[in-house]
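Below: one structure, written as C-alpha cells.
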Amino acid sequence: MSEFSAFFSQNAVLEQTEEFVVSERFRDPNGQPIPWKLRTISESENEEIRKAATQMVRGKGGQRIPETKPEVYLAKVAAASVVYPDLKNAELQKSYGVIGAEDLLKKMLLAGEYAALVRKVETMNGFDRDINELVEEVKN
C-alpha cells in the first residue's frame, strides 16, 4: 500500500474507542469500578454540536452575532462521546429524574468526575494541546 492510499476512507481509522473509569461509585457485582466506553467524534459531528450550542445574541449597534456557550458545547461533546452507559436510555434518565443525555451526565456525576470525563473526551478528540504549544511547534 502506497503512503497516499492510507488517506482513503477504507484505510483510515475513523472512530476510536477507549474505556475509562469515570467514577469509582459505579461498581460491578464484584465491587470493581465499571469502565465507561468512550468514542471519538468526527469534525462533521463536532460542527453539528457547535451549531446546537450556539445562539444569536445582540452585539454592538443591535447587530446579531453568534455566541457559542462553552458549557453547553462541552456537555454535548461529552454526551456524544459516551457509548456506554447508554445515556439516551429512557429508564436510566428516569431513574435520575432528567430528560436528555447532557442533563443525565450532570446529574449522574460529581463535579470532579464530570471534569475528568470532559478532559478525557477532549484528549481523545485531539483538543488536549494548548494553542500556544502549537504556535511554538510551528515556529521551530
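The values are calculated or read from the model by the stated rules, or taken from the named source; none is laboratory data. Just so you know, these numbers come straight off a predicted model, no measurement behind them. No Cβ is skipped: glycine too gets one built from the backbone with ideal geometry, and neighbour counts run over all protein chains shown.
Counting only residues that are out of contact with any helix residue (DSSP H, G or I) (no Cβ under 6 Å at 6 or more places or on another chain) and crowded, with 16+ Cβ neighbours inside 10 Å, give me the strands (runs of 3 or more DSSP E) lying completely in region 19-132 with at least 1 of them.
36-39, 82-84
Can you name every residue in region 6-18 that is β-branched (V, I, T) and surrounded by 10 or more Cβ atoms within 10 Å (Cβ to Cβ)?
T17
With respect to I49, is the statement that it is without any contact (Cβ under 8 Å) to a residue 60 or more places away in the chain and within 18 Å of V121 (Cα to Cα) true?
It is true that I49 is without any contact (Cβ under 8 Å) to a residue 60 or more places away in the chain and within 18 Å of V121 (Cα to Cα).
Name every residue in region 24-69 that is β-branched (V, I, T) and either closer than 21 Å to P85 by Cα or touching a Cys at 6+ places or on another chain (Cβ under 8 Å) (or both), in order of residue number.
I34, T40, I41, I49
Which numbered condition trips up E24, out of (1) modelled with pLDDT of 95 or more; (2) under 20 Å from Y73 (Cβ atoms)?
The failed condition is (2).
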